[in-house]
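Remarks on the structure that follows.
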Amino acid sequence: MYRDIHYKFKWNGASIDYKDLGEISYSLIKEGKSYQKAMGEFLLDWIDKNDYIPVKTSGSTGEPKEILLKKQNMVNSAKITGTYFDLWPGQSALLCLPGDYIAGKMMFIRSMVLGLELDWVPPSSTPLKDSKRCYHFSAMVPLQLENSLDKINHIKTLIVGGAPVSSDLKAKIQDKMTDIYETYGMTETITHVAVKKINNGAKDSFETLPNISIEKDNRNCLVLHAPNLNNERIVTNDIVELVSNKEFKWLGRYDNVINSGGIKLLPEQIESKLNSVLNQRYFVTGLPDDLLGQKLILLIEGKQEDDHLSEKIKTLQTLKKHEVPKEIIFVEKFVETINGKISRRDTLAKTQSI
């Protein structure tokens with residue numbers, strides 16, 4: 001049951017049981033910093049009489065919204081993760097993500113359910129800066145991993161989510177002893193439902209966690225069957241290539257597809273090819289065009305740093321002719337969602353209004 005807390009669970013060195021959560025939550029809300037208040041409010045929700053938790057979606061692919069997640073399904077998700085990564089009571093875990101969103105909440109739930117010894121540090125871009133302890137398990141976003149490479153071997157198993165891991169960052173982690181996995185998931189799936197090893201035996205495809213199967217719909221978008229996490233099948237807008245009913249390759253978002261002269265372009269695939277010549281934040285999208293219907297454009301954050309960028313892009317052997325942007329636009333600052341992801345739609349709208 002979701003009210004059960006493993007007797008080996010520790011939070012910042014202190015043993016915690018269910019009856020302690022009320023006092024802790026009130027203390028965090030009353031005296032804590034903003035990231036602590038968010039966790040305190042979550043814990044209050046966890047111990048109330050309802051069997052669900054209200055959570056916010058990230059807003060990266062649409063307007064942020066509040067949805068309700070069953071507490072028992074969150075416990076099920078924690079157990080599935082524990083099984084896949086062979087996590088055991090008494091092992092150590094690090095929480096360095098904000099408690100506002102599902103990723104931070106689930107690190108806490110996993111620790112309570114699995115009996116992990118959880119260290120909670122303020123969310124920052126350098127979570128291991130002052131760390132002297134080694135951990136069995138943690139979760140980060142790519143920026144945190146990028147800034148922790150000198151100490152990442154202090155973590156045995158790391159999951160990375162929130163945004164795709166760039167090919168440049170993947171190259172930097174190949175000599176690390178840590179087992180690092182890129183995750184696939186969303187708020188509606190209670191964080192990750194599939195993972196992909198990206199070092200030490202890296203794989204090309206995501207593998208689903210136990211008791212989760214997949215298929216495609218007529219748009220070639222992923223459909224998830226996860227009865228322990230959601231009673232309904234989950235239809236996504238992620239275009240995939242199925243390897244099996246347990247493995248898939250992620251190709252891009254259906255929402256982002258550009259139809260240029262009858263050719264369907266996947267921005268995420270093009271962006272991965274541009275990574276070798278760009279060191280600023282960027283993305284590609286489509287603008288209305290009388291001849292093509294939509295023309296492919298490249299938006300780059302900041303000022304132009306390379307006068308020869310256009311020529312370098314045109315000579316990239318990995319890019320097909322129709323994948324070369326017709327126009328490059330520099331934007332002073334990208335619009336971000338509330339949790340720091342690039343909002344393609346709002347950035348484009350801002351650019352067009354200038």
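Placing pseudo-labels 7 Å out from each Cα toward the beta carbon at residue 306 and residue 134 gives an inter-label distance of 4.0 nm. Across 307, 217, 238, mean-square fluctuation computed from a Gaussian network of the chain (C-alpha pairs under 10 Å connected) peaks at 307.
With every protein chain left in place, what is the accessible area per residue of segment 1-123 in square angstrom, probe 1.4 Å? Walk me through the intermediate numbers first.
Values: 5710 Å² over 123 residues.
For segment 1-123, the solvent-accessible area averages 46 Å² per residue.
Using just its DSSP H runs of length 4 or more, each adding -39500 (n - 2.57), the chain gives a mean residue ellipticity at 222 nm of -7000 deg cm²/dmol after division by all residues.
Here the simple spin-label model places points 7 Å from the Cα toward Cβ, and for residue 175 and residue 289 these points are separated by 4.3 nm.
Accessible area per residue, 1.4 Å probe, Å², for segment 215-354: what's the number? The partial results should precede the final answer.
Details: 8110 Å² over 140 residues.
Per-residue value: 58 Å².
Taking label positions 7 Å along the Cα-Cβ direction at both residue 197 and residue 242, the computed distance is 2.5 nm, reported to one decimal.
Build a GNM of the chain with springs between Cα atoms under 10 Å apart, and of 76, 237, 279 the one that fluctuates most is 279. Name the residue from 38, 108, 15 whose Cα lies farthest towards the positive end of the charge dipole of the chain, charges +1 on Cβ of Lys and Arg and -1 on Cβ of Asp and Glu. Of the listed residues, the answer is 15.
Bridging of residue 19 to aspartates and glutamates at a Cα separation below 13 Å is possible for 4, 48, once same-chain residues fewer than 8 apart are set aside.
Build a GNM of the chain with springs between Cα atoms under 10 Å apart, and of 105, 33, 341 the one that fluctuates most is 33.
Percent antiparallel among DSSP beta bridges with both residues in segment 1-157, to the nearest 5?
Numbers: 7 of 17 bridges.
Within segment 1-157, antiparallel bridges account for around 40 percent of the total.
Peptides 154-160, 240-246 ranked from most to least packed give 154-160, 240-246, packing being the mean of other C-beta atoms within 10 angstrom over each peptide's residues.
Per-residue 3J(HN,Hα) values for segment 306-320, derived from phi via the Karplus relation 6.51 cos²θ - 1.76 cosθ + 1.60 with θ = phi - 60°, read 9, 5, 9, 4, 4, 5, 5, 5, 5, 9, 5, 5, 6, 7, 6 Hz in sequence order (x marks Gly and Pro). The lysines whose alpha-carbon is closer than 26 Å to the alpha-carbon of residue 176, local same-chain residues fewer than 8 away aside, are 129, 132, 151, 156, 196, 197, 203, 249, 273.
Sequence gap at least 6, Cα distance under 8 Å: using those rules, report the relative contact order of segment 225-295 to the nearest whole percent.
Numbers: 81 pairs, mean separation 15.5, N = 71.
Relative contact order comes out at 22 percent.
Determine the dipole magnitude for segment 124-180: charges of +1 sit on the beta-carbon of Lys and Arg, -1 on that of Asp and Glu, nothing else is charged, the reference point is the Cα centre, and the result goes in debye to the nearest 20. Present the calculation step by step, with values, prior to reporting the outcome.
Numbers: 8 positive and 6 negative charges, 39 e Å.
Result for segment 124-180 is approximately 180 debye, rounded to the nearest 20.
Note on segment 1-107: with neighbouring protein chains present and a 1.4 Å probe, carbon and sulfur make up 52 percent of its accessible heavy-atom surface. Summing Cβ point charges (Lys, Arg +1; Asp, Glu -1) relative to the Cα centre of segment 12-92 gives a dipole of roughly 120 debye.
If I take every Cα pair under 8 Å that is 6 or more residues apart in segment 133-241, average their sequence separation and divide by the length, what percent do I get for the relative contact order? Show your work: numbers first, answer last.
Values: 185 pairs, mean separation 17.0, N = 109.
Value for segment 133-241: 16 percent.
How far, in nm, would the chain grow between residue 26 and residue 259 when pulled straight, counting 0.36 nm per residue and subtracting the alpha carbon separation? Show your work: numbers first, answer last.
Values: separation 233, 0.36 × 233 = 83.88 nm, distance 5.23 nm.
Roughly 78.6 nm would be gained on extension.
For the chain, the relative contact order comes to 11 percent (Cα pairs under 8 Å, sequence separation of at least 6).
Where the centroid of each part is defined by its Cα atoms, how far is segment 215-256 from segment 272-339 in Å? Here the two parts' Cα centres lie 28 Å apart. Antiparallel beta bridges, as assigned by DSSP with both residues in segment 73-220, represent about 35 percent of the total such bridges. Using a Cα-Cα cut-off of under 18 Å, which lysines could be cross-linked to residue 341, ignoring same-chain neighbours fewer than 8 residues away? Candidates past the 8-residue exclusion: 56, 65, 333, 350. Of the beta bridges in the chain, as assigned by DSSP with both residues counted there, near 65 percent are antiparallel.
The values are calculated or read from the model by the stated rules, or taken from the named source; none is laboratory data. Here the structure is a predicted model, which is why all the values come from computation and not from measurement. A quick note on method: Cβ atoms are made from the backbone with ideal geometry, for glycine too, and the neighbour counts reach across all protein chains shown. With ligands, DNA and RNA removed, areas are computed over all heavy atoms of the protein, side chains included. Shrake-Rupley method; radii C 1.70, N 1.55, O 1.52, S 1.80 Å.
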